[in-house]
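First the structure, in the form of structure tokens, and then the observations on it.
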Amino acid sequence: MNTRKLFITLFALVVSMIPLSAFAHKESDAYLTLRTDTTNNHVMHGQWDIALRDLDYAIGLDSRHDGAITWGEVKAQRKVIEDYALSRLQVKGDGLTCAMQPTGQKIDEHTDGAYAVILFDAVCDKNIPSKLTVVYRLMYDLDPYHRGIVTIHAGDKIAGTVLGPANPVASLNLREPERWGEFKSFVTDGIWHIWTGIDHILFLLSLLLPAVLIRRRLQPRGDGWRASAALAETSGALMALTTQPPRYRWEASPRFWPACLDVIKVVSAFSLSHSVTLSLAVLGIVHLPDRLVESGIALSVMVAALNNIYPVVHKRVWLIAFAFGFIHGLGFASALAGLQLPAGAMAASLGGFSVGVEIGQEAIVLAFLPVAYMLRKTWFYQVVLLRWGSLLIIALAAGWLMQRAFNILIPGFSAIIPN
Amino acid sequence: MNDPHEGTVDEVRRSSRCVVLRFFLFLLLLLPITLVAQTPRDAPYIPATDSVVLQLVPPRTDPRVRQFDQLRSDLSAHPQDAAKAVLLAIAYVDYGRSTGDARYLGRAMAVIQPFMATPSPPVSVMLVHATIQQSRHFFQASRDELTQILKRDPGNVQALLTLATVAMVQGDHALANKLCVDLTNDAGNFMGMICSASLRSLSGQGAQANALFSYVEDPGPKAPPAISAWIEGLMADNAARMGLADQADVHFKKALQQTPGDNFLLADYGEFLIDHGRAKEAVDLVDGDTQSDTSFLVLVTAEKALGLPKAKTDMAEMDARFQSMDQRGDHVFMREEASYLLHVEHSPKAALDLATQNWQVQRAPKDVRVYLEAALATNDPAAATPVLDFIDSTHLNDVSINPLVAQLHVLQAAAPSMTSATKRNSP
């Protein structure tokens, strides 16, 4: 028998003793507990007990190599332990992201030895949702039989699961899904999306700026012209065909209510069309590439502002709002998709987000209209805001269009204007 | 094994704050009574001084640990080399076996996992994989894999012996017998004899088994002590089955001389001592090894048998250990837990449920015994039918089992209708 064969034979003999009885020590476990906070809905308090034996194997705790891990050795490695463990844990759900911040270090005795206790806070960017997803990757490359015993205490409800390298992700229901709470959270997301989405705001403002004004033609013409002008207004195609730009001047709208009515028409048309595409996209019926959608939004801002310089459409500005609303709706949808919709809460999230977008939009209008109405007669409004402002918006939108359509970065442009 | 609290206790004593110590001990006695169901028994704490020893781990002075380091660096220098991975994995499995620390099975598995992920893993990698599956009591998975290996490499000695062991644990004596014959042909008399002797010991041919074992009892001075310890252990079990307690005791002692502190031997000998009314000796045997779950189980059982006051505290500890095993969702300890439920907790119904589940996985004599004991304790002879049939077909002969069989036959004869009803209903 050669050496190799002898070795294999001896190994076979040694290992075949095993099944007669169970192993004396259980395999590797860790205990992860998360507790919601009664006063702060953005925070969960965590405690993670990890066996010193496992940490020693993973990162080496026994720095003196004497076979005895002391409290001094564990304390000295606190930062290393926390970095090792906390980078292998994620808590998420409904677009929630949480930062793990260590808060303390202790020791606990479990049935199979001493464990390092990592105390930490999961500090999240939103309220903790009713359904929480835990991604657990401790020891995933070192021990496939490691198990993380996860317990979540949410008020008086306790949810638990066992995770491990082969099965690292679980979603836990912390409480009966609180649809109203989720709805409110998505309303906030919707409001913020429109307030921070400067392209949506500029589109709306470009359309609203002329609402408090009336365009007066300087050389009135016959009835036949008026009919074709009406056609031009609806189609917007005449601009290119007209050899001579129409001569006109802006006048302040004499009364508030007609101006207000114009605003309401624009806003309602925009809401109607963007709601349609937002819903269709979220339900997965319509899908357009992001690049096309974002370029289209930039184009819509450009067209809306151009219309203030070379007016083609005036009385029926709502048509522009309606037509381009479809593309803005697709933009909202991709923002909503980034928030990871909870399955089963589609209606609450979609409805909430739409309502949020409307509220955000209405708030802009409510802030704009009184100020615009008061300033409408001034040179500042008619020239600086309307003409120069529109020119500036055209320039910005042209920049976005270039960036988004050709997927390039214009140096310096992004630094001035985000988005 | 050092108590992690030892340092703390010493300091308290040194500063002669005995009142505090007594109060602490008093609380310690109360704790298991009030918090039986709680798994993390104590709240997390901050140790008093930096020098407190919290956990013992294998020291660098241990040659086996230095061997791990060597093999690990060999593997990391050649991460694609399956042979180097196999060597490291075997070293982990071997260390895990001798210390009883199942963590090393996981570490071994992690080492070979990249090679298992390839479309056709090398036979040597599959063998380690099958061995780990067997050690974790995934007998069927191990059996399937070993069958695959033998298709690719019919004369593989390790695969033959491991599969024979699995077949014996599963109670498939026909397969085990065929493998023992193959083993004799492929690996010579030594291996074949151990295989045949083990099988005979399980088939009511104890005297023949003993004769075969005695041929190989002395494997020569070059053999590692683990080999002779293993053979002595098998001889001890065989003698105990035949009712030769004195002989069994001699073999156990010889085995423990070869590998002192071996976890599997300690548990096996401890159970033997308790069986023979020597619970006091069982306590002394395992008293220094309470970190081990198998040794601690022997300790608790012996304390309970002796009616020691300490039994109550230790039972709470044992409950906590079983609970933390259950939390993982693994059920490797079913036979041991069934026996504990029956003899220590006196919950025969729960014990029978667990013994029935365990029977689906393993069918060694100890599995037979706990099943029959539970069936008797619940006065449910019909439940024992599949096990009695198994004994009939394998001719298992064991002095700790024979009286149970006789009692169950009497009970079954007394209530024949119940038995036949169950027989009809059973799959």
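Tabulated data for the structure shown
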quantity	calculated
Within 10 Å of each Cβ in B:92-100, the average number of Cβ atoms from other chains	3
Furthest towards positive pole of dipole, B:Ala414, B:Thr378, B:Leu352, structure part region B:331-427, Cβ charges	B:Ala414
Over 30 Å (Cα to Cα) - which of B:Lys312/B:Lys366; A:Lys75/B:Lys312; B:Lys222/B:Lys280; B:Lys254/B:Lys312; A:Lys79/B:Lys310; B:Lys254/B:Lys280 fall in this group	A:Lys75/B:Lys312; B:Lys222/B:Lys280; B:Lys254/B:Lys312; A:Lys79/B:Lys310
Most mobile listed residue (B:Arg66, B:Arg369, B:Arg143) in chain B, GNM with C-alpha springs under 10 Å	B:Arg66
Projected area, mean over directions - region B:203-259, Cα convex hull, nm²	3.6 nm²
Average partner coverage of B:326-333, which counts Cβ from other chains inside 10 Å	5
Spatially proximal lysines relative to A:Lys377 (Cα-Cα < 25 Å; intrachain offsets below 8 disregarded)	A:Lys265, A:Lys315
Cα-derived Rg over Rh, computed across region A:25-176 with Rh taken as Kirkwood radius	0.97
Most mobile of B:Ala82, B:Ala248, B:Ala159 in a GNM of chain B (Cα contacts under 10 Å)	B:Ala82
3J(HN,Hα) from dihedral phi, region B:291-305, Karplus parametrisation 6.51/-1.76/1.60, rounded to Hz, x for glycine, proline	5, 6, 5, 5, 5, 5, 5, 4, 4, 4, 4, 5, 4, 5, 4
Separation between Cα centres of region B:129-160 and region B:174-200, rounded to whole Å	16 Å
Other-chain or far-sequence residues with amide H under 5 Å of A:Leu174's (modelled H)	A:Lys131, A:Leu132
For region B:246-260, Karplus couplings with θ = phi - 60° (6.51, -1.76, 1.60), whole Hz, Gly/Pro x	5, 4, 4, 4, 4, 5, 4, 5, 4, 4, 5, 5, 5, 10, x
Packing-based order for A:201-210, B:397-406, B:217-226, using average beta carbon neighbours within 10 Å, highest first	A:201-210, B:397-406, B:217-226
Cα gyration tensor shape of chain B, rounded if a/c is under 1.5, else prolate or oblate by comparing a/b with b/c	oblate
Shielding of A:102-114 by partner chains, average beta-carbon count, 10 Å	6
Residues whose placed amide H lies under 5 Å from that of B:Gln55, excluding near-sequence neighbours	A:Ile69
Most to least packed among A:369-377, B:96-104, B:124-132 [average Cβ atoms within 10 Å]	B:124-132, B:96-104, A:369-377
Of B:Glu281, B:Glu145, B:Glu336, the one that fluctuates the most in a GNM where chain B has Cα springs shorter than 10 Å	B:Glu281
Around B:Ile231: net Lys/Arg minus Asp/Glu count, Cβ-Cβ under 12 Å	-3
Total formal charge among the other residues, if their Cβ is under 13 angstrom from that of B:Ser73, Lys/Arg +1 and Asp/Glu -1	0
Vicinal HN-Hα couplings computed from phi for region A:399-406 (Karplus, 6.51 cos²θ - 1.76 cosθ + 1.60; Hz; Gly/Pro x)	x, 4, 4, 4, 4, 7, 6, 9
Volume per residue of the C-alpha convex hull in region B:68-136, rounded to whole Å³	72 Å³
For region A:249-274 and region A:109-124, distance of Cα centres in Å	61 Å
Between region A:350-419 and region B:287-340, the alpha-carbon center distance in angstrom	72 Å
Mean Cβ neighbour count within 10 Å, used as a protection proxy, ranking A:270-281, A:138-149, A:77-88, B:111-122 highest first	A:138-149, A:270-281, A:77-88, B:111-122
Relative compactness, region B:331-427, computed as alpha-carbon Rg over 2.2 N^0.38 Å	1.00
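Values quoted throughout were computed directly from the atomic coordinates according to the rules given, and no laboratory measurement underlies them. Given the structure is predicted, the values throughout are model-derived calculations rather than measurements. Cβ coordinates were reconstructed from backbone atoms using ideal geometry, including for glycine residues, and neighbour counts include every protein chain displayed.
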